[in-house]
Amino acid sequence: MSLTLATLIPGLILLVLGTLLAVGNSAITAMFKAFPRSKAATVVFFGGGAAWFLFRVWNLSPADFGEYRNLLFIGFAAVAVLSFKLVPDFLAVRGLCVLVLLGASTLLEAAYGEYAHPQRLFMVSLVYLFIAAAIYLGGAPYRMRDFLDWLYRAPARARALGAALAVYGILLAGVSFSY
């Protein structure tokens, strides 16, 4: 992935997310509040995260336990399938965390060694912030519910966060074309 694309993608995601938060529509608010325990979001985010992770396991090199990839694939696939049945609470949040961590790897690889472009740090700093949040929320996913309750307790908070995310998304989109 090119550095331009690796900076543009998070910028567009932030722009869309920020716009949705800033709009403050009741349907959008209900969607965000229902996200942590949503069955549809669980299938999309946890299913997508599990599929991506299993793809990475299947393509392990011999230096990374690649000779055991069949066994690892079956074990992790079983854990993913059983998670839907045995641990359904906040699985959407955990799935989002998996996607953030796997996506962060790809984004940081694109920025690795690009020292001639200091503006890459706008993207890299954001990615590290999201990595920290994903690790925290992966361990305590109920905190996402608590955060969303706090965020929507005063409608101005959601609009302010949405505006900040949209502005940073625009900044990242602009920076992506400066390489």
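Test L137 against the stated conditions and say whether it is surrounded by 13 or more Cβ atoms within 10 Å (Cβ to Cβ) and either more than 16 Å from the chain's Cα centre (by Cα) or modelled with pLDDT of 95 or more (or both). Spell out the reasoning first.
Details: surrounded by 13 or more Cβ atoms within 10 Å (Cβ to Cβ): yes; either more than 16 Å from the chain's Cα centre (by Cα) or modelled with pLDDT of 95 or more (or both): yes.
Against the criterion (surrounded by 13 or more Cβ atoms within 10 Å (Cβ to Cβ) and either more than 16 Å from the chain's Cα centre (by Cα) or modelled with pLDDT of 95 or more (or both)), L137 qualifies.
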Regarding G47, is this residue in contact with a Ser or Thr (Cβ under 8 Å, 6 or more places away or on another chain), modelled with pLDDT of 90 or more and of a type in the set (G, A, S)? no
Counting just the residues of segment 141-177 that are under 22 Å from A30 (Cα atoms) and not in a helix (DSSP H, G or I), which one comes out modelled with the lowest pLDDT? A154
Please name all residue pairs, on different chains or six or more residues apart, with Cβ atoms under 9 Å, provided the first residue is in segment 124-152 and is within 20 Å of A164 (Cα to Cα) and touching a residue at least 24 places away in the same chain (Cβ under 8 Å) and the second residue is of a type in the set (V, I, T) and surrounded by 13 or more Cβ atoms within 10 Å (Cβ to Cβ). V127/V100; F130/V100; I131/V100; A133/V100; A134/V98; A134/V100; M144/V93; Y152/T29
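Output yes when any residue across segment 110-122 is under 28 Å from S83 (Cα atoms), more than 19 Å from the chain's Cα centre (by Cα) and either of a type in the set (D, E, K, R) or surrounded by 12 or more Cβ atoms within 10 Å (Cβ to Cβ) (or both), and no when none is. Explain how you work it out, then say what you get.
Within segment 110-122, the subset under 28 Å from S83 (Cα atoms) is none.
Within segment 110-122 (the criterion being under 28 Å from S83 (Cα atoms), more than 19 Å from the chain's Cα centre (by Cα) and either of a type in the set (D, E, K, R) or surrounded by 12 or more Cβ atoms within 10 Å (Cβ to Cβ) (or both)), the answer is no, since none of the residues qualifies.
I need the full set of residues from segment 60-92 which are of a type in the set (D, E, K, R) and within 24 Å of the chain's Cα centre (by Cα), in order please. Even if it seems obvious, please write down each step before you answer.
So the first thing to find is which residues in segment 60-92 are of a type in the set (D, E, K, R), and the list is 64, 67, 69, 85, 89.
Across segment 60-92, the qualifying residues are K85, D89.
The values are calculated or read from the model by the stated rules, or taken from the named source; none is laboratory data. Owing to the predicted nature of the structure, the values given are computational and were not obtained by experimental measurement. For neighbour counting, all protein chains shown are included, and Cβ atoms are generated from backbone atoms with ideal geometry for every residue, glycine included.
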